[in-house]
Amino acid sequence: MDSSRSAQRAVIQFLRAEREHASQIYRRMKEVYGEQCLARCTIFWWCQRYEAGRVNIKDLPRPGQAHVVTNSATISPVDEFIRQNRRITTLEFSVELSISKGTVHHIIHKKLGYGKGFAQWVPKHLSENQKTTRWELDPSATQEFLH
């Protein structure tokens, strides 16, 4: 049985259209959906909305900051900027790319895995090639971490 919220809202809408009382709707849905059933107060709330003329079972959009999707179209330019200038700041990114500082921060730290080290962006975890190159450049620098 599909116990998603939108499916249950559709059932409430149907039963309310048949003039079923909210408490009876709750009892019937509790029998069918069990633990997955919407709360009694939620069923009553939706019954009131449908009685007032609402026809949509989906949630209405809420006010607030727009959600920016972090996809390859937003991740690639950030990675390219970092590769060109490792000293660039998140504020400069957000101005240049017209995305929020929070989104830039999320892309840099979570998606690309960079962190600030000595005032420039560096990968948090070195690849095997990077480790080998670092070892070849200065083997003594890595000796202190082995002990």
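Under the definition of Cα pairs under 8 Å and six or more residues apart, what whole-number percent is the relative contact order of the chain? After rounding, I find 15 percent.
As a length-normalised measure over Cα pairs under 8 Å and 6 or more apart, the relative contact order of segment 65-111 settles at 41 percent. Using the Cβ-Cβ distance between Thr89 and Gln130 with R0 = 25 Å, the FRET efficiency computed as 1/(1 + (r/R0)^6) comes to roughly 0.55.
Solvent exposure of segment 65-111, expressed per residue, is 67 Å² of accessible area, with all protein chains present and a 1.4 angstrom probe. Among the trypsin sites (Lys or Arg not before Pro) in segment 1-63, those located in a DSSP loop and surrounded by at most 14 other Cβ atoms within 10 Å of their own Cβ are Arg19, Arg54, Lys58. By the rule of a C-alpha distance below 25 Å, with chain neighbours fewer than 8 residues away ignored, the lysines paired with Lys131 are Lys110, Lys111, Lys116. Solvent-accessible area of segment 5-52 (1.4 angstrom probe, protein heavy atoms only): carbon and sulfur portion equals 48 percent. Here is how the number arises for the chain: DSSP H runs of 4 or more residues each give -39500 (n - 2.57), the sum is divided by the residue count, and the result at 222 nm is -16500 deg cm²/dmol.
The values are calculated or read from the model by the stated rules, or taken from the named source; none is laboratory data. Here the structure is a predicted model, which means the values were calculated and not measured. For neighbour counting, all protein chains shown are included, and Cβ atoms are generated from backbone atoms with ideal geometry for every residue, glycine included. Ligands, DNA and RNA are excluded from the accessible area calculation, which covers all protein heavy atoms including side chains. Shrake-Rupley method; radii C 1.70, N 1.55, O 1.52, S 1.80 Å.
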